[in-house]
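These notes concern the structure reproduced below.
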């Protein structure tokens, strides 16, 4: 599997945009420009970019947990629309009714960020059911955190995916901690993908730090799933460089560990690769940096100047017509 | 008109809708090869095959959630719960996912799904199998809740529920699956959100639903014959949203309200109805509204004790007399 | 700042008012002191003046509608002022002084229900169902008179219907015509309330006396144009009352009020009901003055021109049905007064002189007394004085 130079650049720009976006989100949050919970994707960009570029965007379905700010951007959503949702504006992707944990896009087939750990896995099974029911040539990616593997609904859903052969790809974004609890304290498996064994289901462990690996491994998994209509449980190894949420004091892990991971940052890995492979020069990196920052500024401008939802919208969308 | 059991009326409704719309499928425990734990789906597997009449593992949260996901992308699942007691396992999917999706996606993803099954006490099933959850799920914006036992109503309402674009919780009754009634031969729908006056009367308004309707009809007949008391009975049929106008109109005529409901009486549907009536019909009331509901205990196994927990004829009659100031 | 015009209290017994007719339209210019509206009280319809000069911005209580006293009925202000704002700023002032008893007194149907229900005094609290409350209000029933059949005596629908149906069913069975439902005017409501209250609260007893009128008639035949028989009765009564202040009294709940002034209420029957304008200080007036003033009062009553002044301060009431061919009758006391005198027609009556009976022209007077104020002997002495005055008119000068 050969990744073109152009693809490499696109991945880098996407990851960079996601990184700068989340950094801005973090600033706005501490400036109290918006409220609620705020879970950042910083450190995990390679995972999102690699996986989401391996599917047919806008055709294959994606569903996720609550660390969901940047996945829609990778799928093609205007960052301004995501930021507008964070700022609870009517121009947000859920018109200010969703918030940080509930990004949605029907046109991108992004079925939402979801706030109940593991609750989206049965939903993914339902989407897989629909694909199989209508014999479509599609898959669904379902992102979950590592701690979701201990939820009953995760197991119920995996079992259903297996018995009914549903084209569901459940991706465990293993960043090693469920909030402040190390996964090793809540699961005896050394490989989380082994949860699939109980359901006689395919499994894979992929590299979630090097986007080129993530992409190539996922591409294979996606196409295999599409072809066989068999579910798979994928463990993608990653690390979040920020806290679980903005209010995380981070006592559960050492400074050294975080520092170590910073040196292993997915953006740096790709940057080094591009320089060494002469895909890009430092001037290119700088110009993309400028581009990413200006994209984020545009997003801030759009979201800041957008109107709040009307009070009269309160009762709209409770029930469908 | 044919005489059908509740079970057959529900079966007809599902069968007709599955013929009409290939996006409709039925999933639940024992709905296929076993022909349904209560035989509601009898014969449907043969008719529609295992892709559309699906035996699920015993994973209520799982297959309820599967229904939500499938509905979000365009299918119209009917999820059968063997009983609503088991559906409590799926409350996360019902409350956190089904009910919220349309709103939190600002109208991008609707959930056209029916979750149906028997509700309330049957006979000597003990504490875990005899509960009413209706008052819990009516308090969730984003859900429609239907509760009915009359074959004709059940058929028309289930068909409407399947065609509705929202999650509809459909509550039946285990004891009354064999209850017979006339069902029109031609196709018909009954709109959701509308109640039905099952007995015209002028002395008191009795609001009820599901199997308490039958108890109420019996009591009304008896009081009419023996004491010339004329009870008007409103069968709500849909308990979220409630047909308030029908209740208000009747109370303005009779000046007295009684709600007979199965289930516990704390923060119940009856409470809500009384609240609405006191607010909207205050100057029309001639007596404080009355409610009859379950004793506030888990359901005992013993038959006599069980009968005492549920609303009884004697309690309903007493409440009616209280309303009429007859001692 | 625009001014909120309130329903005025135009009589001492007025408990709510009716706007009979607005004399100005919304948008009209009004001048302080000039008539702007006709108010119908329980006793009369009278013109009421604009409280300020400006534009009649808003009529709140329309023609024929009623409201409580001091309730806003209109807003007057400058052309561009907002009547809504004025109304918003308007706080219903606390009720002004009334006799202490009056506040607790059972008030008219409309407001009484409200005060009774919200009253903090538990003993006085009347329980009634919301429906019964509404119906009682609509039908103008006095809930204090209704015995509730519900729990703790709660008045319920049945009680209201029974209260109402008793008379109307009797009429129905007697004449099989559809009954004519006549809405209550505020005058009719006032009569109903006050007289019911009188009968229920004042223990009545009645004293009757036959009076030989020959001497009076003789005198009058010589002085025809001076006064009517009624005027003479007013005159004699006023003089008798100065002598019997204990009859010229009123019951005030915790005390009795005795009056030196004799202010005579003259009962005047109008098509809409009964009014009792007051002839003030009758005891100081000559017969011809009394004749003149009573004629004016009766004319005012008949043309709805009585003012609130004309209604106030009565100490004793006379009711004469003689001209309507009534022999004699017992009248209901006009509270809080202590007595009322009922006058029958002039007719030949038997008078005894020892064993001899002679028929003379006479009248029968019936005094209704409130036993809380007047005992039998006191009432009898008063009637005795009256009898003496009539039969020996000179004694009115000297005794």
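Just so it is clear, none of the values below were taken in a lab; they were calculated from the coordinates. Note that the structure is a prediction, hence the values are computed from the model and not measured. Backbone-built Cβ (ideal geometry, glycine too); neighbour counts: all protein chains shown.
Between helix C:376-391 and chain C there is an angle of about 60 degrees, using the helix long axis and the longest principal axis of the Cα atoms. In the stretch A:5-300 the Cα-Cα distances spread across 10 Å bins starting at 0 as 7, 29, 37, 23, 5, 0 percent of all pairs. The convex hull built on the alpha-carbon positions of the stretch C:266-399 has an orientation-averaged projected area of 9.8 nm². Per-residue shielding of B:130-143, expressed as the average number of other chain Cβ atoms within 10 Å of the residue Cβ, stands at 1. Counting only the backbone N, which residues of the stretch C:361-399 are under 14 Å from the spot 7 Å out from the Cα of residue C:215 toward its beta-carbon? Under cut-off, by backbone N: C:384-399. Checking the a/c ratio against 1.5 first, then a/b against b/c, what shape does the Cα gyration tensor give for the stretch A:114-229? Verdict is oblate for the stretch A:114-229.
The GNM of chain B, with springs linking C-alpha atoms under 10 angstrom apart, assigns the highest mean-square fluctuation among B:67, B:36, B:270 to B:36. For the protein assembly as shown, the alpha-carbon radius of gyration amounts to 1.44 times the rule-of-thumb value 2.2 N^0.38 Å expected for a compact globular protein.
Dimensions of the stretch A:262-321 along the principal axes, based on C-alpha atoms and rounded to the nearest Å, stand at 56, 24, 23, largest first. When each of the peptides B:155-163, A:138-146 is scored by how many other beta carbons lie within 10 Å of its residues on average, the order from highest to lowest is A:138-146, B:155-163. Distance between the modelled labels on residue C:358 and residue C:287, one decimal in nanometres: 2.2 nm (7 Å Cα→Cβ projection).
Just order B:303-314, C:129-140, A:117-128 by mean Cβ neighbour count inside 10 Å, highest at the front, would you?
Working: B:303-314: 14.6, C:129-140: 20.1, A:117-128: 29.8.
Descending packing order for the listed peptides: A:117-128, C:129-140, B:303-314.
Taking each residue as 0.36 nm, the span from residue A:277 to residue A:33 lengthens on full extension beyond its C-alpha to C-alpha distance by 83.7 nm.
Taking only the C-alpha atoms of the stretch A:1-122, Rg followed by Dmax gives 14.1, 46 Å.
Computed from the Kirkwood radius of its Cα pairs, the Stokes-Einstein diffusion coefficient for chain C at 25 °C and 0.890 mPa s stands at 103 µm²/s.
Taking only the Cα atoms of the stretch B:2-183, how large is their convex hull per residue, in Å³?
Numbers: hull volume 18.2 nm³, N = 182.
Roughly 100 Å³ of hull volume per residue.
The largest-to-smallest principal axis extents of the Cα set in chain B are 61, 43, 41 Å.
Within 10 Å of each Cβ in peptide A:144-156, how many partner chain Cβ atoms are there on average? Round it to a whole number, please. Mind dumping the intermediate values first?
Working: counts 0, 0, 0, 0, 0, 0, 0, 2, 5, 10, 1, 3, 13.
If you average over the peptide's residues, the count of other-chain Cβ atoms is 3.
Pairs of C-alpha atoms in the stretch C:3-89 farther apart than 22 Å represent 19 percent of all such pairs.
Under a 10 Å cutoff between Cα atoms, tell me which one of B:122, B:287, B:87 has the largest fluctuation in the Gaussian network model of chain B. Greatest mean-square fluctuation among the candidates belongs to B:287. Quick one: angle between helix C:287-302 and the longest Cα principal axis of chain C, in degrees between 0 and 90, rounded to 10, please. Rounded to the nearest ten degrees, it is 40.
When the helices of chain C are scored as -39500 (n - 2.57) per DSSP H run of n ≥ 4 and the total is divided over every residue, the value at 222 nm lands at -10000 deg cm²/dmol. Evaluated at q = 0.16 Å⁻¹, a Debye calculation over the C-alpha positions of the stretch B:196-323 (equal weights, vacuum) places log10 I(q)/I(0) at -0.72.
Summed over all non-identical Cα pairs, the Kirkwood treatment of the stretch A:52-173 gives a radius of 14.4 Å.
For chain C, the longest principal axis of the alpha carbon atoms and the long axis of helix C:109-118 meet at an angle near 60°. Counting every other Cβ atom within 10 Å of each residue's Cβ, B:242, C:73, A:293, C:60 order from fewest to most as A:293, C:60, B:242, C:73.
Report, please, the projected area of the stretch A:195-321 averaged over directions, based on the convex hull of its C-alpha atoms, in nm². Write down the numbers at each step before the final one.
Values: hull surface 59.8 nm².
Spelled out: convex hull of the Cα atoms, projected over all directions, averaged, 14.9 nm².
For the stretch B:35-69 versus the stretch C:344-399, the inter-centroid distance based on Cα atoms is 104 Å.
Give the calculated FRET efficiency between residue C:161 and residue C:345 to the nearest 0.05, with a Förster radius of 56 Å applied to their Cβ-Cβ distance. Kindly include the intermediate steps, with their values, before the conclusion.
Working: r = 41 Å, r/R0 = 0.74.
So, using R0 = 56 Å, E works out to roughly 0.85.
The mean count of C-beta atoms from other chains within 10 Å of the C-beta of residues in C:236-247, rounded to a whole number, is 0.
Order these peptides, A:85-94, B:204-213, by their mean beta-carbon neighbour count within 10 angstrom, highest first. Provide the component values of the computation, followed by the final result.
Details: A:85-94: 23.6, B:204-213: 27.5.
Going by the mean number of other Cβ atoms within 10 Å, highest first, we get B:204-213, A:85-94.
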